[in-house]
Amino acid sequence: MALLSIIIPSYNEEENISRTAKRLREILTEANISYELLFISDGSRDNTFAEIEKEAKVDSNVKGYEFSRNFGKEAAIFAGLKMAKGNCAVVIDCDLQHPPEMIPEMFKLWKEGYDVVEGVKSDRGDESKLHKLFVGAFYGVMSKLMKINMNDTSDYKLLDRRVIDVLLDLKESNTFFRALSFWAGFKSTNIKYEVQERAAGESKWSFMSLLKYAIMNTTSFTTAPLQVVTFLGILSIAFAVIMGLQTLVRYFMGNAVEGFTTVILLVLMIGGFIMLSLGIIGHYLARIYDEVKGRPRYIIARETGKEEAKHE
Ligand code: UDP
Ligand code: MG
């Protein structure tokens with residue numbers, strides 16, 4: 001019988017663990033699907049791991065891992081994919097914002113032969129206008145760059161074993177899970193769901209962390225921003241030719257442009273372009289540096305069912 005792995009990245013979710021485990025168990029048992037629940041605690045500073053251990057004690061289908069520190073949701077997802085033993089796996093948030101009722105339906109689609117079942121948001125929950133605008137712009141740009149429609153996609157998806165193995169074989173450590181399932185290809189389909197209210201606790205995303213996330217993901221996924229540098233260069237050269245000619249003509253006609261104003265404006269503009277370009281290139285350098293070091297993406301400090309190492 002096919003085994004379904006449920007991967008649940010959890011960061012400071014002590015209030016949600018037992019609730020989420022209970023809901024998942026009810027739904028999966030009722031649908032008669034054999035499953036394992038993999039909770040990946042992403043270096044939580046509250047009792048998340050203790051809660052997971054409690055669950056693991058009463059249900060042998062539950063397994064939990066604790067990172068040595070916070071490595072981010074991407075790392076948690078990939079640790080889950082690595083640990084998963086299932087024929088397919090579903091990645092789902094711990095806060096029940098991704099309705100678990102959809103899982104049997106996703107599983108059915110998998111049985112019908114789909115390798116990837118994408119959860120697509122039909123409603124963005126109670127997010128603020130600014131947040132929606134920002135997220136909309138980010139996915140708009142990403143979709144254009146990747147020539148696929150990524151709007152309203154999320155990390156809620158089901159992957160077949162073949163896709164999981166493809167993702168695990170990737171050598172890169174700066175990954176963007178949401179886009180990689182598209183990149184991998186395979187036979188995929190969408191399933192719409194409504195984003196629920198967070199069950200408990202609060203979102204870990206601030207505006208700044210979202211902005212950082214957007215920059216990280218763009219630079220780790222595509223080199224398109226580097227073309228902006230070329231574009232700025234061409235723009236500057238075109239401008240230089242026009243202004244150069246005009247300046248020379250005026251000089252020989254005996255009425256050269258006077259004053260520092262022009263010089264100051266030009267220096268500021270060119271300086272801005274150069275620094276922006278260096279910044280963009282710098283981001284790519286940083287990504288290359290990260291990848292070259294080849295550090296592990298996460299470190300597992302604890303595992304359910306194993307005694308914590310004693311310092312004697
Ligand atoms: N999460 C994680 N590591 C982090 C931040 C979040 O594993 O550094 C998990 C979190 O526990 C939750 C999921 O990722 O299960 C989504 O996080 P959150 O609800 O804070 O984000 P939002 O739903 O607002 O996008
Ligand atoms: Mg959430």
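The values are calculated or read from the model by the stated rules, or taken from the named source; none is laboratory data. Nothing here was measured: the structure is a model prediction, and the numbers come from that model. Cβ atoms come from the backbone with ideal geometry, glycine included; neighbour counts cover every protein chain shown.
Inside segment 41-72, residues that are near ligand 1 (Cβ under 9 Å from one of its atoms) and under 24 Å from LEU3 (Cα atoms) make up a count of 1. Does segment 216-224 contain at least one residue that is within 30 Å of the chain's Cα centre (by Cα), under 24 Å from ALA137 (Cβ atoms) and modelled with pLDDT of 85 or more? No, segment 216-224 contains no residue that is within 30 Å of the chain's Cα centre (by Cα), under 24 Å from ALA137 (Cβ atoms) and modelled with pLDDT of 85 or more. Of all residues in segment 176-207, those that are within 14 Å of ligand 1 (Cβ to nearest atom) and not in a strand (DSSP E or B) total 15. Screening HIS283 on (1) in a helix (DSSP H, G or I); (2) free of Cβ contacts under 8 Å to residues at least 60 places away in the same chain shows it passes everything except condition (2). Does GLU197 count as within 16 Å of ligand 2 (Cβ to nearest atom), in contact (Cβ under 8 Å) with a residue 24 or more places away in the chain and over 16 Å from HIS283 (Cα atoms)? It is true that GLU197 is within 16 Å of ligand 2 (Cβ to nearest atom), in contact (Cβ under 8 Å) with a residue 24 or more places away in the chain and over 16 Å from HIS283 (Cα atoms). Residues that are in a loop (DSSP other than H, G, I, E, B) and within 15 Å of ligand 1 (Cβ to nearest atom) within segment 80-106 comprise ILE92, ASP93, CYS94, ASP95, LEU96, GLN97, HIS98, PRO99, listed in sequence order. When residues in segment 97-109 are screened for being out of contact with any helix residue (DSSP H, G or I) (no Cβ under 6 Å at 6 or more places or on another chain) and within 16 Å of ligand 2 (Cβ to nearest atom), 4 of them pass.
Which ones in segment 53-79 are in a loop (DSSP other than H, G, I, E, B) and touching a residue at least 12 places away in the same chain (Cβ under 8 Å)? ASP59, ASN61, SER68, ARG69, ASN70, PHE71, GLY72 - these are the residues of segment 53-79 that are in a loop (DSSP other than H, G, I, E, B) and touching a residue at least 12 places away in the same chain (Cβ under 8 Å). Here is the figure for segment 252-268: residues that are at pLDDT 85 or above and either closer than 27 Å to THR219 by Cβ or of a type in the set (Phe, Trp, Tyr) (or both) total 2.
Among the residues in segment 163-181, are any within 16 Å of ligand 2 (Cβ to nearest atom), surrounded by 12 or more Cβ atoms within 10 Å (Cβ to Cβ), at pLDDT 85 or above and under 18 Å from ILE8 (Cα atoms)?
The answer is yes, given that some residue of segment 163-181 is within 16 Å of ligand 2 (Cβ to nearest atom), surrounded by 12 or more Cβ atoms within 10 Å (Cβ to Cβ), at pLDDT 85 or above and under 18 Å from ILE8 (Cα atoms).
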